[in-house]
Every structure is written in C-alpha cells, then in structure tokens.
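S.K.: Got a structure for you, questions after.
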Amino acid sequence: MPGPGRGAERLRAEDARCHGLLARTFAVYVDCNLNVIQVANKLGHHPNTIRSRLAKVERLTGLDTRRVIDVMELVTMMNLSGLSSADRVISSR
C-alpha cells in the first residue's frame, strides 16, 4: 500500500494522463452517495467503466472507495493535492 503522499502523487500523475477523468469520476461518485449506477447514468458511461476508474484510484492510493473512512481520506487527499474536480466534492455539499 502506498503511503499517503506517494498515493496522492501517483493519483495526480495518472489523473493528468487521463485528462482529469479519475478526479471527475470520484467527485461524481461522492456526489451520488457512492452509487455506481447513478454515477454511470450521470456521466453517460457503463457502470463497469465507473468501477474500472474507481479500481484504478484504489490501486494508485491503496484506499478502498467503498469504505467511508477511506472515501473521506481520498476527498481530503484530492483537495490537498489540487486535483481539479475534487474541490467539487466539498463545495457542492
């Protein structure tokens, strides 16, 4: 499992490579109360695409996107790391 700083760096680099898709998907996932089907409908993608993106976030950070405590840590990490879409998670609440 990567350390918090290392996971954030890896996530930031991969998110930049993916043109912000990981941060945006995660932000919408949080907005949709961790409901993959709602995220898929909102973003216009198949649920497996959403699951694949979330799995990538998990691999990069070592955190589980289905555990509330890990989701809270991811939101904090993304906000502190300056990932573009992550600030929507806090400001939209």
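S.K.: I need a count of the residues in region 57-78 that are surrounded by fewer than 19 Cβ atoms within 10 Å (Cβ to Cβ) and at negative phi. Step through it out loud before you land on a result.
M.R.: Here is the first cut: in region 57-78, the residues surrounded by fewer than 19 Cβ atoms within 10 Å (Cβ to Cβ) are 58-59, 62, 64, 66-73, 75-76.
The next check asks that each one be at negative phi; those that pass are 58-59, 64, 66-73, 75-76.
Residues flagged as surrounded by fewer than 19 Cβ atoms within 10 Å (Cβ to Cβ) and at negative phi within region 57-78 amount to 13.
S.K.: Here is a follow-up. Tell me, please, whether a residue that is at positive phi, surrounded by 15 or more Cβ atoms within 10 Å (Cβ to Cβ) and of a type outside the set (Asp, Glu) can be found in region 23-42.
M.R.: yes
S.K.: Let me ask something else. For region 45-85, which residues satisfy the criterion of being closer than 14 Å to Thr25 by Cα and touching a residue at least 40 places away in the same chain (Cβ under 8 Å)?
M.R.: If the condition is that a residue be closer than 14 Å to Thr25 by Cα and touching a residue at least 40 places away in the same chain (Cβ under 8 Å), then Lys56, Val57, Val71, Leu74, Val75, Met78, Leu83, Ser84, Ser85 are the ones that fit.
S.K.: While we're here: Out of the residues in region 51-66 that are under 8 Å from the mean Cα position of the chain (by Cα) and of a type in the set (A, V, I, L, M), state the one that is nearest to Val39 (Cα to Cα).
M.R.: Ranking the candidates gives Leu54 first.
Laboratory data are not the source of any read-out in this text; all were calculated from the coordinates shown. Just so it is clear, the model here is predicted, and its values are computed rather than measured. Don't worry about glycine lacking a Cβ; one is built from the backbone with ideal geometry, like all the others, and counts go over all protein chains shown.
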